[in-house]
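Novice: Let me begin by handing over the structure; questions about it come next.
The values are calculated or read from the model by the stated rules, or taken from the named source; none is laboratory data. Just so it is clear, the model here is predicted, and its values are computed rather than measured. We place every Cβ from the backbone using ideal geometry, glycine too, and count neighbours over all the protein chains shown.
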Amino acid sequence: MFFTRAREQGDAPFLWRKTGGQWQPLSWNEVARQVASLAAALKAQGLRPGDPVMLVSENRPEFCIADLAIMAAGCVTVPTYTTNTTRDHQHILTDSGARAVIVSTAKLAQALMPAVVRSQASFVIGMEPLRGAQGTCACHLWSDLIAAHPADVEACAAAQAAQRSDLACIIYTSGTGGAPRGVMQHHGAILVNCEGAGKVVAEDFGWGEEVFLSFLPLSHAYEHSGGQFMPMLLGGQIYYSEGLEKLASNIEEARPTIMVVVPRLFEVLRTRVIKSIEKQGKFPAYLLSQALRIASKEQAGKGSILDAPMKLLLSRTLIPKIRARFGGRMKALVSGGAPLNPDVGLFFDAMGLTLLQGYGQTEAGPVISCNRPSAGIAMDTVGPPLDGVEVKIAEDGEILVRGELVMHGYWRNPAESERVLKDGWLHTGDIGEFDAKGRIRITDRKKDLIVNDKGDNVSPQKVEGMLTLQPEIGQAMVHGDRRPHLVGLIVPDAEWTREWTEAKGVAVAQAAADPAYMAALRAAVDRVNDDLSVIERVRRFILADEPFTIENEQMTPSMKIRRHVIRKVYAERLDALYKG
């Protein structure tokens, strides 16, 4: 697919990075030359077809080039998170049996190299010089290997012999519990995902010059397929974001047509937009409330001609300004990786931005379904299955998936493979249903369901999603399995806390001891409780000692909270909420 697109696109820009304050492109031809050179270098170093090669890099053009070169050499990519500890790297190196490692920077090599020297890997390639790593094992510099193996693009393309059923990569799921497992994704799983998603773009938005902004970790299956290989299929361009702090400016500069993002980021962007509008005064805030009111009515199928004048005013005032902040040509923002709160989707819809919630798993390519305008967008669903995807609901409500997108199993883990793959169906562990229009509605994870002491099932993700939409609350986890009611663990929103303490003349470090501060948080929880059933309400809560982060292992790299880790840290304090 890549070599075909490179022949078609030639010297057109493909991969963009920001250097010295300016966006610089690499053409399709240049990327193809580097892929062919690096593939030849890997073979010259003794790698054979089927050998796993570990790839440790932030999002940058070299990630894409390395990924393609590994596959072009007949090897198997093992992409890993840049946030991994030495222990994480050791597990993946040992489990995958990686013969070689490609790493981007000396900083990332610090946690990696101690694991490499204790592994079977025979050499390391640094995209940049690996200061201090020499002497620990055979190290090669990316640019030296490229220079030493002049490209023969046509020969490299002609030598491709992989079939769709052959293993393309082993992606280790970050997992909300236990050690990561290696998902065996074959070429066909990625291709059928790209074909299905590409069809949504072509049929619902019109296939044009597509521009993607790559932000989510490329080691995550969602970005790997949706943010790297789908742009390739569409002959699009990829801009590599400079990170969360510069994401807003990168969006305005790159002016993407499609972005794939996780719900947590949409929640952050929503909060920032709302705050900026409210700071502009009463009239912009009034326009925002009207936009949300109209969008809510239309979502419920209760749109009115009486709202036409207000819609016209919004289309000439508020909405163009918001769209400009997203580059001005955004066709769709695609949300996946975790459940999206419908209120967040409604907000973006009200701002004139099309937000499509999708659903999937690493074990399924990873995209199973996606909302699309032609099927009618319903914010409480994840849309109909993609082309080539079969979905059925088991008797206990579990979502089962079949098709070329389903993995061939977990790497070197037949017991787990047999547990989730039965008679060709992937047992997702998610609970769901079809609505009247054939769209999938996720109700919860099987293993995440809280069952109280009366046997009632409660969806923690629903409650947590509603809590984190409150301006006072940054993160939340609810607890209550086999208990009479729910209690909560809350991370107050840092910006709200700063503004509150400044207004009250209280030091941030002392805020938690201030009854008024706790009362404000209680009021936020109570607002949520007003919209919940009796069994879903959070009766009491405590504050977390620190935010849930990847670094403290309380959050996965794909921004899901690790409940078992958090519960272990706060078990005594959460249990104490049921006493007295």
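Novice: Taking the stated definitions as given, is GLN34 part of a strand (DSSP E or B) and outside the structural domain of ILE550 (by TED's automatic domain parsing)? Steps first, please.
Specialist: Details: part of a strand (DSSP E or B): no; outside the structural domain of ILE550 (by TED's automatic domain parsing): yes.
Spelling it out, it is not the case that GLN34 is part of a strand (DSSP E or B) and outside the structural domain of ILE550 (by TED's automatic domain parsing).
Novice: Among the residues that make up region 310-332, is at least one of them crowded, with 18+ Cβ neighbours inside 10 Å and under 30 Å from HIS91 (Cβ atoms)?
Specialist: No: zero hits.
Novice: Of all residues in region 199-222, count the ones that are in a helix (DSSP H, G or I) and surrounded by fewer than 22 Cβ atoms within 10 Å (Cβ to Cβ). Show your work before the answer.
Specialist: To start, the set of residues in region 199-222 that are in a helix (DSSP H, G or I) comprises 199-205, 221-222.
Okay, now just the ones that are also surrounded by fewer than 22 Cβ atoms within 10 Å (Cβ to Cβ), so 199, 202-205.
Here the count works out to 5.
Novice: Here is a further query. Would you check which residues across region 372-404 are basic (Lys, Arg) and either over 23 Å from the mean Cα position of the chain (by Cα) or closer than 23 Å to PRO342 by Cα (or both) and list them?
Specialist: Just the residues of region 372-404 that are basic (Lys, Arg), to begin with: 372, 392, 402.
Result: ARG372, LYS392.
Novice: For region 524-540, which positions are touching a residue at least 40 places away in the same chain (Cβ under 8 Å), closer than 27 Å to LYS579 by Cβ and out of contact with any helix residue (DSSP H, G or I) (no Cβ under 6 Å at 6 or more places or on another chain)? Lay out the reasoning, then the answer.
Specialist: From region 524-540, those touching a residue at least 40 places away in the same chain (Cβ under 8 Å) are 524-525, 527-528, 531-532, 535-540; that's our starting set.
Those left that are additionally closer than 27 Å to LYS579 by Cβ: 524-525, 527-528, 532, 535-540.
Scanning region 524-540 gives ALA524, VAL525, ARG527, LEU532, ILE535, ARG539, ARG540.
Novice: Going by the structure shown, is TRP28 over 26 Å from GLU154 (Cα atoms), hydrophobic (A, V, I, L, M, F, W, C) and touching an Asp or Glu at 6+ places or on another chain (Cβ under 9 Å)? I'd like the intermediate steps shown before the answer.
Specialist: Details: over 26 Å from GLU154 (Cα atoms): no; hydrophobic (A, V, I, L, M, F, W, C): yes; touching an Asp or Glu at 6+ places or on another chain (Cβ under 9 Å): yes.
For TRP28, the condition - over 26 Å from GLU154 (Cα atoms), hydrophobic (A, V, I, L, M, F, W, C) and touching an Asp or Glu at 6+ places or on another chain (Cβ under 9 Å) - is not met.
Novice: Something else now. Based on this model, can you work out whether SER225 counts as among the small types (Gly, Ala, Ser), on the phi < 0 side of the Ramachandran plot and not in a helix (DSSP H, G or I)? Give the derivation first.
Specialist: On the way: among the small types (Gly, Ala, Ser): yes; on the phi < 0 side of the Ramachandran plot: yes; not in a helix (DSSP H, G or I): no.
In short, no.
Novice: Is it true that GLU551 is exposed (fewer than 14 other Cβ atoms within 10 Å of the Cβ), touching a Ser or Thr at 6+ places or on another chain (Cβ under 9 Å) and over 30 Å from ALA221 (Cα atoms)? Quick ask: steps written out before the conclusion?
Specialist: Values: exposed (fewer than 14 other Cβ atoms within 10 Å of the Cβ): yes; touching a Ser or Thr at 6+ places or on another chain (Cβ under 9 Å): yes; over 30 Å from ALA221 (Cα atoms): no.
No.
Novice: Being of a type in the set (Val, Ile, Thr), outside any helix (DSSP H, G or I) and in contact (Cβ under 8 Å) with a residue 60 or more places away in the chain is true for just one of VAL401, VAL506, VAL406. Which residue is that? Quick ask: steps written out before the conclusion?
Specialist: Numbers: VAL401 fails: in contact (Cβ under 8 Å) with a residue 60 or more places away in the chain; VAL506 fails: in contact (Cβ under 8 Å) with a residue 60 or more places away in the chain.
Every option except VAL406 fails the conditions.
Novice: So, one more: Please go through region 536-548 and pick out each residue that is under 27 Å from the mean Cα position of the chain (by Cα) and crowded, with 18+ Cβ neighbours inside 10 Å.
Specialist: ALA544, PHE548
Novice: Also, I was wondering about something else. So HIS408 passes all but one of these: (1) more than 18 Å from the chain's Cα centre (by Cα); (2) under 27 Å from ALA179 (Cβ atoms); (3) modelled with pLDDT under 95. Which condition number does it fail?
Specialist: (3)
Conditions tested, residue by residue: (1) at negative phi; (2) over 30 Å from the mean Cα position of the chain (by Cα); (3) not polar (S, T, N, Q).
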residue: THR77; (1), (2), (3): yes, no, no
residue: LEU93; (1), (2), (3): yes, no, yes
residue: ALA98; (1), (2), (3): yes, no, yes
residue: ALA115; (1), (2), (3): yes, no, yes
residue: GLN120; (1), (2), (3): yes, yes, no
residue: PRO129; (1), (2), (3): yes, no, yes
residue: LEU145; (1), (2), (3): yes, yes, yes
residue: ALA148; (1), (2), (3): yes, yes, yes
residue: ALA151; (1), (2), (3): yes, yes, yes
